[in-house]
Amino acid sequence: MVLGTGMAFLDGSIVTLALPAVDDDLQAGVAGLQWTVNAYTLALAALILVGGSLGDRYGRRRMFVIGVVWFGTASVLCAVAPTIEVLVAARGLQGVGGALLTPGSLAIISASIRPEDRGRAIGLWSGLAGVTTALGPLVGGTLVDAVGWRSVFWINVPLAVAVVWVTVRHVPESRGAQTRLDVEGAALTVGTLAFLTYGLVEQTWWPALFGVVLLVAFVVHQARSPHALVPLSLFADRVFTAANICTFAIYAALSGTMFLLVLQLQYVAGYTPLEAGLATLPLTVLMLLLSSRAGALGQRLGPRIPMTVGPLVSAAGLLLLLRVGADASFWVDVLPGATLLGLGITLLVAPLTTAVLAAAPDEQAGIASGINNAVSRTAGLLAVAAIPPLAGIAGADFASPDVFGPGFRTGTLMCVGLLVVAAACAAALVHGRSADPEQAPATP
């Protein structure tokens, strides 16, 4: 399960290192690069709740395998794409595969873990998922330097084959509560995110306004539907609402930072793709070494402290990364900020996930997990769409150091602000009680 979801999460970040090479080869422009990232995230964020519902109804292992095969096939289409338009369309298909395979993985793991071990298991799963995301720049930089940008998609094919083989042989089937699929809610979700993203990327007000109208329609529909994708009753719990607000702010900041940083290192600091990937290695190492311990610490202390301190530590790291400019030194300008960013993210990820699950009733743990996952993907989608144009990164000369450098600093400060909002929300609204492992959800 970790390998399968890791493949999807890795692809969400691995492509970032290849963006300059994609631009050179396909003449994508800044909007094309944003859509290369956002087409994937849009499909994943919009359909991940649908994927969870399909797994509950037709079998989680079955949908997981279908999703992996779909993802691998779409990766081939990405690898052979002759134009930026074809690449964007194939990335959207990749996102559909990710939405089918991702939700069932945690549910399958949770069904096999004793209640007293679930806090640590969730922490380990969350940490390893974060590690695969953080590994993207490193793996992507190596592949782009050595082989070319298309190799970042070919690598998914052997991974998909291995995941399917192991899953079919060793993973038991499981199902959840079977309810009618909310087709109308799914359509409104896709429309809302598509129009909002298009309006933000293209800096056009009317699609964004129509996206807001669809969002209102979605909320009204969810309030009235007996089979809602997002049961609004969950948000009556203060901690659940606060944790999802924190999730949105934190993942928007993280996605915006990773998008901007690896491009700043290449366009302004003159790093190669591999060097830019290696510059993010501290984040990967810290998440790999400390995520499980952070999950256990959060279970003992409760979620408030790590969810408050973690974003502030990460924000301090981003302030240090403002030093990254022309001819930036890794040891002086990159390493200190990347280390603090990694420590902060590692501290908060597992307690945040546990807080969301603990705040939901046992019978709604699966949908609560799906909502939180969708919130995190939506945050990344909107951040990558909104932050570059708001920071002044636009136009045909966007890659010029004179344009991208100031935009990087402005966008990074926006991400700092998001992290401070997350810390304040956690401090004010998340209680300090530790989660009771005996009450951990059975099927998140």
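Only the coordinates and a few stated rules stand behind these numbers; no lab work does. Values in this document were obtained by computation on a predicted structure and should not be read as measured data. Every residue, glycine among them, receives a Cβ derived from its backbone with ideal geometry; neighbour counts consider all protein chains shown.
Observations
- Correct option for semi-axes √(5λ) of the Cα gyration tensor in Å [calculated from the coordinates] among (1) 35, 29, 26; (2) 31, 25, 22; (3) 34, 28, 20: (2)
- Evaluating 6.51 cos²θ - 1.76 cosθ + 1.60 at θ = phi - 60° for every residue in the range 306-312, the Karplus couplings come out as x, 6, 8, 6, x, x, 5 Hz, glycine and proline recorded as x.
- With the highest mean first, a sort of the peptides 88-97, 152-161 on other beta-carbon atoms found within 10 angstrom per residue produces 88-97, 152-161.
- Exposure proxy order (Cβ contacts within 10 Å, fewest to most) of Arg377, Arg61, Arg304: Arg61, Arg304, Arg377
- Once the Cα atoms are used to define both axes, helix 29-58 deviates from the longest principal axis of the chain by about 10 degrees.
- C-alpha long axis of helix 335-359 to longest principal axis of the chain, angle in °: 20 degrees
- Helix 183-202 axis, angle to the chain major axis (alpha carbon atoms, nearest 10°): 20 degrees
- Of interest is the spacing of the C-alpha centroids, which for the range 21-63 and the range 138-187 amounts to 11 Å.
- Our coupling estimate for the range 275-285, obtained by passing each phi through the Karplus curve with A = 6.51, B = -1.76, C = 1.60 and θ = phi - 60°, is 5, 5, x, 5, 5, 9, 4, x, 4, 5, 4 Hz, Gly and Pro reported as x.
- For the chain, calculated [θ]222 nm from helices alone, where every DSSP H run of n ≥ 4 adds -39500 (n - 2.57): -27000 deg cm²/dmol
- Taking other C-beta atoms within 10 angstrom as a stand-in for reagent exposure, Leu381, Leu390, Leu263, Leu188 fall in the order Leu390, Leu188, Leu263, Leu381, fewest first.
- Table column - 3J(HN,Hα) (Hz), the range 372-383, Karplus curve with 6.51, -1.76, 1.60, x for Gly and Pro: 5, 5, 5, 4, 5, 5, 4, 4, x, 4, 5, 5
- When each of the peptides 268-279, 64-75 is scored by how many other beta carbons lie within 10 Å of its residues on average, the order from highest to lowest is 64-75, 268-279.
- At q = 0.15, 0.19, 0.23, 0.25 Å⁻¹, base-10 log of I(q)/I(0) for the range 182-226 (Debye sum, equal scatterers on each alpha carbon): -0.35, -0.52, -0.68, -0.76
- Among Val416, Val324, Val220: highest mean-square fluctuation, GNM of the chain, C-alpha pairs under 10 Å: Val220
- Shape call, the range 192-312: gyration tensor on alpha carbons, a/c limit 1.5: oblate
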